[in-house]
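So the structure is just underneath, and the comments pick up after that.
The values are calculated or read from the model by the stated rules, or taken from the named source; none is laboratory data. From a predicted model like this one, the values you see are computed outputs, not experimental measurements. Note: ideal-geometry Cβ built from the backbone for every residue, glycine included; neighbour counts use all protein chains shown.
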């Protein structure tokens, strides 16, 4: 079995997680609108509260890119892989490859799913800020942008082979494609 096959077969679980965590943001919005139907609309949320929630949401959005990337890099460093560095032939430098590509692919999946959950949780935190504002009585124009940003952050995290494999390849300086193309050791 090739590493690319292992990665493709492993996509089902991350995609289920992605769908569930993305759908939960929609569920929060539905709950909010159902709950707001029981509120008379006379409450006004102070502008400073909206701004503070916005600052918190921006922090979560930025963290959703930085924290998972650092966590991935740290986890990848903790599990070094044996690499094969082929000799250059005729001026051609072959790509560095994993000595045990299936094992490397399994590790990439484990780290990738963990960081996917972290990314999705931080994306959902943006929507939760909007949920809190709406629950406190903010107008839809004040809380709906939080949901829009949270859903966009989730959408760009859709799990693919590249999103699982590429960070691992970069962390180790090797490629799964070169590993799959080479004869087994």
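Against the conditions (1) outside any helix (DSSP H, G or I); (2) surrounded by fewer than 20 Cβ atoms within 10 Å (Cβ to Cβ), where does residue 138 fall short? Just the number, please.
(2)
Could you please let me know if residue 143 is under 18 Å from residue 26 (Cβ atoms), surrounded by fewer than 22 Cβ atoms within 10 Å (Cβ to Cβ) and more than 20 Å from the chain's Cα centre (by Cα)?
Working: under 18 Å from residue 26 (Cβ atoms): yes; surrounded by fewer than 22 Cβ atoms within 10 Å (Cβ to Cβ): no; more than 20 Å from the chain's Cα centre (by Cα): yes.
Criteria not met by residue 143.
Which condition from (1) assigned to a loop (DSSP other than H, G, I, E, B); (2) more than 24 Å from residue 10 (Cα to Cα); (3) touching a residue at least 12 places away in the same chain (Cβ under 8 Å) is the one that residue 80 breaks?
Among (1) assigned to a loop (DSSP other than H, G, I, E, B); (2) more than 24 Å from residue 10 (Cα to Cα); (3) touching a residue at least 12 places away in the same chain (Cβ under 8 Å), residue 80 violates only (2).
Look at residue 73 and say whether it is touching a strand residue (DSSP E or B) at 6+ places or on another chain (Cβ under 9 Å), assigned to a helix (DSSP H, G or I) and at pLDDT below 95.
Values: touching a strand residue (DSSP E or B) at 6+ places or on another chain (Cβ under 9 Å): no; assigned to a helix (DSSP H, G or I): yes; at pLDDT below 95: yes.
Considered against the rule, which asks whether it is touching a strand residue (DSSP E or B) at 6+ places or on another chain (Cβ under 9 Å), assigned to a helix (DSSP H, G or I) and at pLDDT below 95, residue 73 comes out as no.
Go over the candidates 178, 121 one by one and state the one that is more than 29 Å from residue 57 (Cα to Cα) and assigned to a helix (DSSP H, G or I).
178
Looking at residue 152, is it within 20 Å of the chain's Cα centre (by Cα) and surrounded by fewer than 21 Cβ atoms within 10 Å (Cβ to Cβ)?
Working: within 20 Å of the chain's Cα centre (by Cα): yes; surrounded by fewer than 21 Cβ atoms within 10 Å (Cβ to Cβ): yes.
Yes.
If I ask for residues that are touching a helix residue (DSSP H, G or I) at 6+ places or on another chain (Cβ under 9 Å) and more than 17 Å from residue 164 (Cα to Cα), which ones from region 86-99 would you list?
Kept after step one, since they are touching a helix residue (DSSP H, G or I) at 6+ places or on another chain (Cβ under 9 Å), are these residues of region 86-99: 86, 94-99.
Within region 86-99, 86, 94, 95, 96, 99 qualify.
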